[in-house]
Amino acid sequence: MNSTTAAFVSTLTSASTEARGETKAMAIPNSWKGKIDAAATTAWPLDQVEALFNLPFNDLIHQAQSVHREHHDANKVQLSTLLSIKTGGCSEDCGYCPQAARYSTGVENEALMEVADVVAAAKLAKQNGASRFCMGAAWRGPKQRDLDPVLDMVREVKALGLETCCTLGMLKDGQAEQLKSAGLDYYNHNLDTAPTFYGEIVTTRDYQDRLDTLDRVRGSGINVCCGGIVGMGESRQDRAGLIAQLASMEPQPESVPINYLVQVEGTPLYEKMSGPDAINAIDWTEFVRTIAVARITMPRSFVRLSAGRETMNEATQAMCFLAGANSIFYGEKLLTTGNPDVSNDRALFEKLGITPL
């Protein structure tokens, strides 16, 4: 056992729970030791992930930072830029998404971008310091006629010396292999939330559909980018369920984006979280806890501070980096919602002594 693991096992000995005004001690399972040593190659039971969430905040952050330093440079952050190459008109009913055709959000159904325009955006992203260029399309899944020009985009962006990533919806048999042959490095397909809460958010595709696409991606040799969204009215147990699902993948995702819900007027979740469910919204400490638990349970993954960052002040973002986030989306726009601009990110990095990977 290395020193970090030993400290992890010896110091995580209690968590605070309120019961009749008393603090109840909770033993930390010895099995955590093996999970950290083996980069969580075995399943993380829900109760153990919940126990991490319930630790005192300072203990949780300390252990997350310790695990982070064991596997990553604590002062380096990977920069990705995300471009919406096909905006709006999606047939799905994801309750958070302004690109769903069934919602009136002001997002228009646009045609697929031209390859040359995508390449120009990728060149600018590289000039601004991004090392990965992600291309997102609002489809349930690509038809072959849609996929062909995307393959050209992947080839051209890859030729610029950038890592390539796509998020195109569900993939059919053989499509992941085509993307791999074109030079795709990462494919993003989020689980969104825990299986227990999933039906509250999406009804037009089930959880297994998502897992099947991830299996196709992994089987093709493409790196997996998979995370979820918090702040949708879910419980802490649901957040633990999401992390447990991600951490139990074998192998674990190479990239784990953690999104904070961006409430867009016209979507069901805007109405829900502005009304009676507003009480279930999470504050910054719970978001940071989610980052920390993701780091501990997925020690070798890149944990990305993703959508919702524009609502966070510098102190909250700094706490996320301390908790183990080591990747961000970098640029003016994150699909159809805002993102901190490049100059703000550079200023924050300078204050924190962070440099890009």
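The values are calculated or read from the model by the stated rules, or taken from the named source; none is laboratory data. Please read these numbers as outputs of a predicted model, since none were measured by experiment. Don't worry about glycine lacking a Cβ; one is built from the backbone with ideal geometry, like all the others, and counts go over all protein chains shown. Quick note on the areas: whole protein, heavy atoms, side chains included, nothing else; ligands and nucleic acids left out. Shrake-Rupley method; radii C 1.70, N 1.55, O 1.52, S 1.80 Å.
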**Item:** Nearest 10 degrees, 0 to 90: helix 144-159 Cα axis against the chain principal axis
**Value:** 70 degrees
**Item:** Estimated FRET transfer efficiency (Ile279, Ala111; beta-carbon r; R0 45 Å; 0.05)
**Value:** 0.60
**Fill in**
At R0 = 35 Å the Cβ-Cβ FRET efficiency linking Arg346 and Asp152, nearest 0.05, sits at 0.65
**Fill in**
Among trypsin sites (Lys or Arg not before Pro) in region 122-167, those in a DSSP loop whose Cβ has at most 10 other Cβ atoms within 10 Å are none
**Of all DSSP beta bridges in the chain, antiparallel share, percent nearest 5** = 10 percent
**Fill in**
Rounded to the nearest 0.05, FRET efficiency between Ala315 and Thr196 (Cβ-Cβ, R0 41 Å) equals 0.80
**Asked** Using a 4.7 Å Cβ cut-off, which Cys residues in the chain lack a partner cysteine?
**Response** Cys90, Cys166, Cys225, Cys226, Cys320
**Complete:** Lys and Arg at +1, Asp and Glu at -1: neighbours of Gln263 with Cβ under 13 Å from its Cβ sum to -3
**Message:** Relative contact order for region 137-215: what percent, with Cα pairs under 8 Å and sequence separation of 6 or more?
**Reply:** 31 percent
**Complete:** The extension gain from Asp215 to Gln127, computed as 0.36 nm times the residue separation minus the Cα-Cα distance, is 28.3 nm
**Request:** Run the quick spin-label model on Glu286 and Asp173: label points 7 Å from Cα toward the beta carbon, then report their separation in nm to one decimal.
**Result:** 4.3 nm
**Request:** Compute the acute angle (0 to 90°) between the alpha-carbon long axis of helix 236-247 and the principal axis of greatest extent of the alpha-carbon atoms of the chain; round to the nearest 10°.
**Result:** 70 degrees
**Asked** With each label point set 7 Å from Cα along the Cα-Cβ vector, what nm distance links Arg102 and Ala120?
**Response** 3.7 nm
**Fill in**
Expected max-MSF residue from Gly227, Gly89, Gly324 in the GNM of the chain (alpha carbon, under 10 Å) is Gly89
**Asked** What number, rounded to the nearest 500 deg cm²/dmol, is the helix-based mean residue ellipticity at 222 nm of the chain, given -39500 (n - 2.57) per DSSP H run of at least four residues and division by all its residues?
**Response** -12500 deg cm²/dmol
**Request:** Please give the net charge around Thr285, taking every other residue with its beta carbon less than 14 angstrom from that of Thr285, where Lys and Arg add +1 and Asp and Glu add -1.
**Result:** 0
**Request:** Keeping all protein chains in place, calculate the accessible area per residue for the chain (probe 1.4 angstrom), answer in Å².
**Result:** 41 Å²
**Request:** For Lys143, go through the aspartates and glutamates and keep the ones whose alpha-carbon is under 18 Å away, minus same-chain ones fewer than eight residues off.
**Result:** Glu92, Glu110, Glu114, Asp152, Asp173, Glu177, Asp209, Asp212
**Request:** Calculate, in nm to one decimal, what Leu357 and Asp93 gain on full extension: separation in residues at 0.36 nm each, minus their alpha carbon distance.
**Result:** 91.4 nm
